[in-house]
Amino acid sequence: MSVETLSVGDLLFEVRRSSRRRTLGLTVDRSGELKVYAPEATPREYLEKWVEGRLVWVHQKLAIKEPSRPPLPSMEYASGDAIYYLGRSYRVRFVADQAEPVQCRVGWLELRQTDRAAARTLIREWFQGTGGAWIKERVTLLSDRYGLAPSAVEVLDLGNRWGSCSTSGRLNFNWRLLQFPIRLIDYVIIHELVHLVAPHHGDDYWRRLEALIPDYADRKAQLLESTREYDRV
């Protein structure tokens, strides 16, 4: 069964409807996942406006929860540990020596044996460097295809957000997106590109997005599921 989601601002909410429910509700759970509870017949347009009116509260809750999240494991990677890159699983392998701190080969991410203790940091830097360059090239390809040109593209750590579009036309993307399959990365990129001409999530925005990617609702749902399934680097 597909999961209904609602994208408001730079945040993605899971929508849970019930025929027994009479009021709207909103929660931010311990992991930062966002859920909206609504009566079964609530129109999406009304639901979106209701959530928009509570975004300040949501961001306040996310800011409070961020420091209390469990820290990323400090343990060293072991040979054979799996890491996802562009939706594909790669195994960590330590080698005696190599020119670069991290090298991607068929099915493997290779690191120097002497860098074992710093493996987590080095892999994240590789994602931001090598993977960040890939995202920028992908944005260029899609912006040329659809005639939507950003003023700049940055790949950053955006915390709970996958992407954002500034008023100056700069697109920001979370480097952790690189774990996901390309079709989901494309969804986030195109989602932000459309904001260049439709800043708000109104009817015009969704019509423009659907014209570019008719299956955007399925991609949004898959992105939500992938967020739960993929281990973050």
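PHE127 satisfies every condition listed in (1) in contact (Cβ under 8 Å) with a residue 24 or more places away in the chain; (2) more than 14 Å from ASN174 (Cα to Cα) except (2).
In the set GLY169, GLY147, GLY107, GLY132, only one residue is out of contact with any His (no Cβ under 6 Å at 6 or more places or on another chain) and surrounded by 16 or more Cβ atoms within 10 Å (Cβ to Cβ); that residue is GLY132.
Just wondering, is there one or more residues in the range 144-155 that are closer than 20 Å to LEU212 by Cβ, hydroxyl-bearing (Ser, Thr, Tyr) and out of contact with any Gly (no Cβ under 6 Å at 6 or more places or on another chain)? Looking through the range 144-155, at least one residue is closer than 20 Å to LEU212 by Cβ, hydroxyl-bearing (Ser, Thr, Tyr) and out of contact with any Gly (no Cβ under 6 Å at 6 or more places or on another chain). Scan the range 8-35 residue by residue and report those that are within 20 Å of GLY163 (Cβ to Cβ), touching an Asp or Glu at 6+ places or on another chain (Cβ under 8 Å) and either modelled with pLDDT of 90 or more or charged (D, E, K, R) (or both). Result: GLU14, GLU33. For the range 105-139, a tally of residues being assigned to a loop (DSSP other than H, G, I, E, B) and touching a Lys or Arg at 6+ places or on another chain (Cβ under 7 Å) returns 1. Residue check: TYR187 meets all listed conditions (1) hydroxyl-bearing (Ser, Thr, Tyr); (2) modelled with pLDDT of 90 or more; (3) farther than 26 Å from GLU14 by Cβ but one, namely (3). Within the range 57-80, the set of residues being at pLDDT below 85 and either part of a helix (DSSP H, G or I) or more than 28 Å from VAL92 (Cα to Cα) (or both) comprises HIS59, GLN60, LYS61, LEU62, ALA63, ILE64, LYS65, GLU66, PRO67, SER68.
Every listed requirement among (1) of a type outside the set (Asp, Glu); (2) modelled with pLDDT of 90 or more; (3) farther than 14 Å from ILE185 by Cα; (4) part of a strand (DSSP E or B) is met by ILE83 save one, (2).
Confirm whether ARG161 is within 29 Å of HIS59 (Cβ to Cβ), basic (Lys, Arg) and in contact (Cβ under 8 Å) with a residue 12 or more places away in the chain. When the stated conditions are applied, ARG161 passes them. If you go through the range 197-207 and pick out every residue that is crowded, with 18+ Cβ neighbours inside 10 Å and either in contact with a Ser or Thr (Cβ under 6 Å, 6 or more places away or on another chain) or in contact (Cβ under 8 Å) with a residue 12 or more places away in the chain (or both), you end up with 1.
The values are calculated or read from the model by the stated rules, or taken from the named source; none is laboratory data. Quick caveat: nothing in here was measured; it's all calculated off a predicted structure. For neighbour counting, all protein chains shown are included, and Cβ atoms are generated from backbone atoms with ideal geometry for every residue, glycine included.
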